[in-house]
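Shown next, in structure tokens, is the structure this report addresses.
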Amino acid sequence: MAALTLMALLTPPAWAHAVLVSSQPRDGSHAQNQPSEVVLRFSEPVAPVKLRLAGSVGPLPELRGSATDSNVIRVPLPADLARGSYVLSYSVTSLDGHPVTGAISFGVGASAATVSVQEAAKVFDLVPAFVRALHYGFLLAATGGGLFVLLVRKGEHVPLPLLRGLLAFAATAAATLVLLVGLNGLQLTGRPLAGLLTSEAWAAGARTTLLRSSIAGVAGLLLLAVGLSQRLSRLDRLLVGGGSLLALASLPLTGHAAIAPPAWAAAPAVYVHGVAAAFWLGSLWPLWIMLPRMSSEDGVRMVARFSSLAIGLVVVLVLAGFLLSFLQIGGPDAVSTSAYGWTWAAKICLVLPLLGLAALNRLVLLPNLARRGPLFLRRSLVAEIVVIAAIVMATSMLGQTPPPRAFAVQKQTQEALAASPVHSTATSGQRRLDMTMHPGAPGKHHVMVAMSDANGNTVPAREFTTIWSLPSSGIEGLKRPLEVVTGRGASGMVDLPLCGTWNVQVEALVSDFEKAVFQMEVQIAVR
């Protein structure tokens, strides 16, 4: 029954940019004495949303955590935890606005609970990705259509079919952006889809960077709609252009691509990439609508004007995309060894035929537009729109997938922690023993111990003997003496070949008639 209680509180982890790199106590560890708090260290800054503690001893109070520095969450524990197994499940929001959920287990005076958490994505996890893809598509179509009106149409009167489409796309982009705030809150709070009707989900989503992104996006789309609805005077054109650029500024305000270090390069690259993609996509459907309604001469001039602008923007699009890919993926090895890399490769496979269609339009169909009419060019535009829709979906999936750089940070942090000294303390009566081990990873360790009294004065001993055991692997009674250093305790080399929670007994022979015995646990991490 206790195991069922533990499992009921666990939330399948939601993959995002931030990843848990370490915890204290370590996941799966057990301690004789109750820890006063749980410390969770992530690969990037996070903020706590919900923390739940389940145990084999029955109901437990709700926990409150605080971010004491950029990457660390400290969770104070109740002072009267009974002996037993515990699972702390956490839900935090990362700097890129995505939810991060997971759990660690630990034991107090008992073995930690054995927890099996499935990492397979739920059907609900696909809903935010689908809504995000819709938002990206409509945002690019609306803002790019506004740029088309200014740069290609030169601010001329907007035909009614084009105006209706622009306003509909702008309204849908704004609605889906607001909806993403609520869906993000659902993932953070662990509520089902019906939780959108509650304030808790919206409040949780509003505490993420999606809120500022939605404010900029909705404000820009509103300005765009107001400008398009007027006579396209100079002020109206300013509203259309400014609104389009402001709405696209919502892209670098959230998402892990926008915060990839160095931020001074990533955020501008995301914005430039978005503007270029918006003009390209946002011009295709207006061209498709306008071509049958124009004379051959006017149609040729309009397509030629778009094509001349698009050439430079395609170069910008490719360069910005290359920079973002380098920041997120790093080296070519990560492409074939990560889900992010596979999704990125699928996106690139879609970009190549898109560039081929663009070349076909400019080199073949545009020169023959006046003679053969717009039929073939309009069909090619439809093909481009279909390919771009697939690219947008792949981009949305990339936004839901942790990039290789996140795991690189996790690995580097874990290696640094494993290579750092391990400090442990224990008491026996009025005496205290301090032990330091280096490097704290499987292998040979330099162990140093020092004994002191209640006043902090060094207590000498004739002999120090350490006895090591690792119950999880059946290792018992590894006795290793240490060499006494006059006035400073003792030191020596101890070979610990396996990672895990080692039980250590230190026997200090104070005199022929007195021995102090200290008990402690030491965590040996994976190198």
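In table form, for the structure just shown:
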item	result
Scope the range 203-235; condition polar (S, T, N, Q), assigned to a loop (DSSP other than H, G, I, E, B) and closer than 20 Å to Val181 by Cβ; matching residues	Thr208, Thr209
Qualifying residues in the range 282-305 (those that are of a type in the set (A, V, I, L, M) and closer than 23 Å to Ala170 by Cβ) - the one surrounded by the most Cβ atoms within 10 Å (Cβ to Cβ)	Leu284
Within the range 472-522, strands (runs of 3 or more DSSP E) holding 2 or more residues that are surrounded by 15 or more Cβ atoms within 10 Å (Cβ to Cβ), in contact (Cβ under 8 Å) with a residue 40 or more places away in the chain and out of contact with any Lys or Arg (no Cβ under 8 Å at 6 or more places or on another chain)	489-496, 500-511
Selection count, the range 226-276, where residues are outside the structural domain of Ala133 (by TED's automatic domain parsing) and among the acidic types (Asp, Glu)	0
Pro439 crowded, with 17+ Cβ neighbours inside 10 Å, more than 15 Å from Val517 (Cβ to Cβ) and in the same structural domain as Met520 (by TED's automatic domain parsing)	yes
Of residues in the range 29-47 being surrounded by fewer than 20 Cβ atoms within 10 Å (Cβ to Cβ) and modelled with pLDDT of 75 or more, the one farthest from Pro76 (Cα to Cα)	Pro45
Count of the range 318-353 residues which are more than 29 Å from the chain's Cα centre (by Cα) and surrounded by 17 or more Cβ atoms within 10 Å (Cβ to Cβ)	0
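Per-residue answers, yes or no, for (1) polar (S, T, N, Q); (2) buried (at least 16 other Cβ atoms within 10 Å of the Cβ); (3) at pLDDT below 90:
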site	(1), (2), (3)
Ser213	yes, yes, no
Val218	no, yes, no
Leu222	no, yes, no
Leu228	no, yes, no
Arg234	no, no, yes
Leu251	no, yes, no
His256	no, yes, yes
Ala267	no, yes, yes
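The values are calculated or read from the model by the stated rules, or taken from the named source; none is laboratory data. Owing to the predicted nature of the structure, the values given are computational and were not obtained by experimental measurement. As a convention, Cβ positions derive from the backbone with ideal geometry for all residues, glycine included, and neighbour counts pool all protein chains shown.
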